[in-house]
Ligand code: FEO
């Protein structure tokens with residue numbers, strides 16, 4: 001059965017959700033599924049804006065056929081060439097032999113790489129500022145390199161004031177009939193997945209997102225149509241403010257997130273003791289995570305959210321405990337910045353991981369690591385309560 005909803009009178013959402021996929025990009029757990037959004041503009045000419053992942057192709061074509069009715073497809077605009085959106089380009093060309101494919105020079109270069117053809121006989125190559133008249137609508141093409149790939153662009157429909165924002169403003173999570181952010185409790189049910197999507201997928205490219213936000217500020221936008229997750233047609237300031245913070249690496253919350261790795265529970269116990277000491281000093285909404293059984297993408301999301309981080313880990317083979325090292329490496333890969341960090345280390349005979357973590361954190365921009373730190377020898381005993389209090393005080397002084 002087709003599932004199509006109107007975004008405006010002439011723009012339809014024809015996307016589909018996958019609730020079976022376990023790992024997005026074969027890395028990120030998506031227990032709430034994911035949607036692949038695709039849109040059709042029905043003007044004097046018909047336009048499809050991006051396709052979908054192969055896994056939902058059946059639903060997508062049912063939706064597209066319903067949306068078009070007995071009309072042909074005139075244009076396919078390709079805003080992004082990652083396969084979760086471009087997988088159906090070949091099938092579209094096969095089904096609609098007269099369709100023209102619109103992309104930029106890099107788009108067609110990637111088509112050749114993925115499909116062995118750049119569809120030259122039907123390609124329309126656009127660059128920054130180019131437009132496409134479709135009747136009463138004019139589509140404006142705005143390049144958005146590295147949001148999230150080099151070829152990424154966004155398309156703006158000046159008539160309905162709709163921005164087709166590619167990966168920008170996307171989120172993990174299947175759409176459950178409610179395709180608009182104002183139809184769901186976004187803050188309660190979607191924000192964590194939107195942050196996890198942004199920080200892990202696009203997080204490294206904050207400067208590129210800033211460049212796109214500046215371009216977007218020059219457009220009169222009423223609706224934001226991303227390629228994943230809910231569409232924004234109300235309260236755009238909410239998500240724009242989140243993107244402003246995330247892309248400049250500013251914390252959303254003045255908050256402490258404690259992340260520990262612990263082989264036998266002793267480092268965990270010390271981390272919990274620190275959380276308790278902070279709570280006694282009046283700190284609220286403290287978060288504590290076991291790095292070994294929390295997916296690194298959730299930790300990255302929390303790291304972007306919070307102003308203050310604590311890393312606690314045992315020394316392992318003379319180095320950093322592997323899951324903690326993986327997290328620190330991921331922080332560097334995603335260009336995490338502007339944090340205050342405290343360290344706790346454990347070592348039964350030669351604790352040295354705080355020094356090693358400190359060296360890794362020194363590679364990050366604007367990250368302050370407190371001088372006060374705790375070394376545990378096997379287990380934190382009551383005689384270290386003074387050190388615990390000193391670390392808690394040092395953290396509180398910076399909040
Ligand atoms: Fe959902 Fe960068 O693609």
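At a glance:
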{"quantity": "Residue list for the range 140-167, filter: within 16 Å of the ligand (Cβ to nearest atom), modelled with pLDDT of 95 or more and not in a strand (DSSP E or B)", "calculated": "144, 145, 146, 147, 149, 150, 151, 152, 165, 166, 167"}
{"quantity": "Scope the range 176-188; condition part of a helix (DSSP H, G or I) and surrounded by 15 or more Cβ atoms within 10 Å (Cβ to Cβ); matching residues", "calculated": "181, 183, 186"}
{"quantity": "Tally of residues being assigned to a helix (DSSP H, G or I), farther than 27 Å from residue 202 by Cβ and touching a residue at least 24 places away in the same chain (Cβ under 8 Å) across the range 85-112", "calculated": "3"}
{"quantity": "Hits in the range 296-332 - residues which are closer than 16 Å to residue 358 by Cα, in contact with a strand residue (DSSP E or B) (Cβ under 7 Å, 6 or more places away or on another chain) and part of a strand (DSSP E or B)", "calculated": "308, 309, 310, 311, 312, 313, 314, 315, 320"}
{"quantity": "Meets criteria (farther than 25 Å from residue 194 by Cα, surrounded by 19 or more Cβ atoms within 10 Å (Cβ to Cβ) and modelled with pLDDT of 95 or more) for residue 108", "calculated": "yes"}
{"quantity": "Qualifying residue in the range 387-398 (condition: farther than 18 Å from residue 320 by Cβ, without any contact (Cβ under 8 Å) to a residue 12 or more places away in the chain and more than 30 Å from the chain's Cα centre (by Cα))", "calculated": "yes"}
{"quantity": "Residues satisfying the stated conditions in the range 31-55, i.e. outside any strand (DSSP E or B), more than 12 Å from the ligand (Cβ to nearest atom) and in contact (Cβ under 8 Å) with a residue 12 or more places away in the chain", "calculated": "32, 33, 43, 44, 45, 54, 55"}
{"quantity": "Residues being touching a helix residue (DSSP H, G or I) at 6+ places or on another chain (Cβ under 9 Å), at negative phi and more than 16 Å from the ligand (Cβ to nearest atom) - total across the range 113-125", "calculated": "7"}
{"quantity": "Filter result (assigned to a strand (DSSP E or B) and within 16 Å of the ligand (Cβ to nearest atom)) within the range 223-265", "calculated": "224, 225, 231"}
{"quantity": "Test for residue 173: is it more than 16 Å from the ligand (Cβ to nearest atom) and on the phi > 0 side of the Ramachandran plot", "calculated": "no"}
{"quantity": "Residue match in the range 354-376 (condition: without any contact (Cβ under 8 Å) to a residue 24 or more places away in the chain, out of contact with any strand residue (DSSP E or B) (no Cβ under 6 Å at 6 or more places or on another chain), in a loop (DSSP other than H, G, I, E, B) and surrounded by fewer than 16 Cβ atoms within 10 Å (Cβ to Cβ))", "calculated": "yes"}
{"quantity": "Candidates 379, 335 - the one that is touching a helix residue (DSSP H, G or I) at 6+ places or on another chain (Cβ under 8 Å), part of a loop (DSSP other than H, G, I, E, B), surrounded by fewer than 19 Cβ atoms within 10 Å (Cβ to Cβ) and on the phi > 0 side of the Ramachandran plot", "calculated": "335"}
{"quantity": "Residue list for the range 56-84, filter: within 15 Å of the ligand (Cβ to nearest atom), buried (at least 17 other Cβ atoms within 10 Å of the Cβ) and in a helix (DSSP H, G or I)", "calculated": "56, 60, 84"}
{"quantity": "Number of the exception - residue 128 against (1) touching a strand residue (DSSP E or B) at 6+ places or on another chain (Cβ under 6 Å); (2) more than 25 Å from residue 240 (Cα to Cα)", "calculated": "(2)"}
{"quantity": "When residues of the range 1-23 are limited to those that are under 16 Å from residue 173 (Cα atoms) and touching a helix residue (DSSP H, G or I) at 6+ places or on another chain (Cβ under 8 Å), the one farthest from the ligand (Cβ to nearest atom)", "calculated": "20"}
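To keep it simple, each residue is scored yes or no on (1) more than 12 Å from the chain's Cα centre (by Cα); (2) within 13 Å of the ligand (Cβ to nearest atom).
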| site | (1), (2) |
| --- | --- |
| 192 | no, no |
| 203 | no, yes |
| 211 | yes, no |
| 221 | yes, no |
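The values are calculated or read from the model by the stated rules, or taken from the named source; none is laboratory data. In this text, all values refer to a predicted model and were calculated from it rather than measured experimentally. When we count neighbours, we look across all protein chains shown, and the Cβ atoms used for this are built from the backbone with ideal geometry, even at glycine.
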